[in-house]
Structures are given as C-alpha cells and as structure tokens.
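S.K.: This is the structure I have questions about; it appears just below.
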Amino acid sequence: MPKFPKKEADVYALVTQMIAGYTAYPAVFPHANVPALEDALNDAHNQVIVQNCFLADARIATEAKEDALDDLVAEMKRQLKRSTVDTKDNP
C-alpha cells in the first residue's frame, strides 16, 4: 500500500488527482465530497499567498532593521572618534 505523501508538492499533486478522479467517476466514488476537497485546496492555496505576503513583509522589515543597525554602528564610531579627539590631551 502506498504511503501518504509528506512533501507539500506531493500533497497538492495527490489532491489534484483525487479531485480529477472523483469528478470523472462519480458512480465509482459515490461518497466522495469533491466540493469539500476543492474548498480545502483553495484554503491551502490562499494560506500560501498569505504566507508569501508575510515573508515579503518580513524581508522588508529585516532590511530596514539592518539599515538602522548600520546607521547605529556608524554613529557610534563617529562618537567614539570624537571622544578620542576630546580626550587626547587627557590620558
């Protein structure tokens, strides 16, 4: 007996085949609930879209954070350099 797929792409491939088979042979699978499968598939696709939007937002936020950290480091170095100049005559 085949094992249920674990990879996301394999799950999508299987559900697509199931929907096609259930739709093509309704007399063979009288208890198949194709609309429920289609709804679940659509929900999964929508969540992938949501995930991709959040990933994009996270990348943008990460870039902004890295830019702010770079600015902080540059300002700290400027201040340390000024402090060195201020205290050069005062060991």
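Here, each number is a calculation from the coordinates, and none is a lab measurement. What you see is a predicted model; the values in this text were computed from it and never measured.
S.K.: What is the Cα centroid distance between region 47-91 and region 1-36, reported in whole angstrom?
M.R.: If you average the Cα positions of each part, the centres end up 50 Å apart.
S.K.: Using a Gaussian network model of the chain whose springs link C-alpha atoms within less than 10 Å, name the residue from 38, 75, 66 with the highest mean-square fluctuation.
M.R.: 75
S.K.: Name the residue, out of 72, 55, 37, whose mean-square fluctuation peaks in a Gaussian network model built on the chain with Cα pairs under 10 Å.
M.R.: Largest GNM mean-square fluctuation: 72.
S.K.: Mind telling me which of 61, 74, 44 comes out most flexible in a GNM of the chain, alpha-carbon contacts under 10 Å?
M.R.: Highest fluctuation of the listed residues: 74.
S.K.: Another one. Using only the alpha-carbon atoms, how far is helix 8-24 inclined from the longest principal axis of the chain? Give it as 0 to 90 degrees, nearest 10.
M.R.: For 8-24 against the chain, the angle is about 30 degrees.
S.K.: Another one. Determine the equivalent ellipsoid of the chain by diagonalising the alpha-carbon gyration tensor, then write out the semi-axes as square roots of 5 times the eigenvalues, largest first, rounded to whole Å.
M.R.: 63, 13, 7
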